[in-house]
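Structure record follows, encoded as structure tokens.
The values are calculated or read from the model by the stated rules, or taken from the named source; none is laboratory data. All of these numbers come straight from a predicted model, not from anything done at the bench. In this analysis, Cβ positions are derived from the backbone assuming ideal geometry, glycine residues included, and neighbour counts consider all displayed protein chains. Heavy atoms of the whole protein, side chains included, go into the accessibility calculation; ligands, DNA and RNA do not. Shrake-Rupley method; radii C 1.70, N 1.55, O 1.52, S 1.80 Å.
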Amino acid sequence: KLATDHSTFYVAEAVYNGIAYVSDEPGMFIPDSTEASTNVEVYNSTTDAGNISITQFHYLLSFSPGAVNVLHIFIVGNSGNETYVGKEGQTFAFSLPENATNISFQNNPADERFIETDNGYTDTEPVLPGEEGLTVAALYDIPIDGDSLEIALPVPADVGSVGVMMADQGVDLSSDQVEFSEVR
């Protein structure tokens, strides 16, 4: 009893071994058809973290009076062919700067996905196979007291690529580890 209008897209979801998987591409009905198809790939699971890495690390900065506003994104890859479920359901541990305030996470329904630990946070979402198997997006502020601020970014593992972007609000960025690229 689905609408068969060819301008409507459908996403299929399947649960396998307690893990939800969604179709890679949306399905849609072609005109004068009552059938549509799409594929959902499912994987066996593993607790072996040997294929897990941070493929991308993005740090987006904007500024408000008295604070740097940060969107901190980790893209976690899984080069294996099994979904990584972690030990005791904890899949990706990470830290945020010590002076971060007003911390929140995207895609955190009912505040149940992330667990605060002594060393930072741990994600409980499984890491699906692929270069972008898991995305973690943390939002927070770093207070500014004065006209300069040093930010130490804790990185939990080797990173494939790092991107630091900031709003052009009259602030200069310098780093011994990040090379300035361009203004966009």
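Using a Förster distance of 45 Å, how high is the FRET efficiency between Glu13 and Met166, based on the Cβ-Cβ distance and rounded to 0.05? Mind dumping the intermediate values first?
Working: r = 37 Å, r/R0 = 0.83.
So the FRET efficiency works out to roughly 0.75.
Express the carbon and sulfur contribution to the solvent-accessible surface of the chain as a percent, rounded to the nearest whole number, probe 1.4 angstrom.
46
Rounded to two decimals, what is the ratio between the C-alpha radius of gyration of segment 101-184 and 2.2 N^0.38 Å? Walk me through the intermediate numbers first.
Numbers: Rg = 15.8 Å, N = 84, 2.2 N^0.38 = 11.8 Å.
Computed over Cα atoms of segment 101-184, the ratio equals 1.33.
What whole number of Å gives the distance from the Cα centroid of segment 3-27 to the Cα centroid of segment 148-171?
36
For a quick protection proxy, order the peptides 93-103, 1-11, 158-168 by their average other-Cβ count within 10 Å, most packed first.
On the way: 93-103: 14.8, 1-11: 10.5, 158-168: 12.3.
Packing proxy ranking, top to bottom: 93-103, 158-168, 1-11.
Using the heavy atoms of the protein chains and a 1.4 angstrom probe, tell me the accessible area per residue for segment 97-152 in square angstrom. Let's see the in-between values first.
On the way: 3590 Å² over 56 residues.
Per residue, segment 97-152 has an accessible area of 64 Å².
Each label point is 7 Å from the Cα along the Cα-to-Cβ direction; what then is the distance between the points at Asn119 and Asp176, in nm?
Label at Asn119, label at Asp176, 2.4 nm between them.
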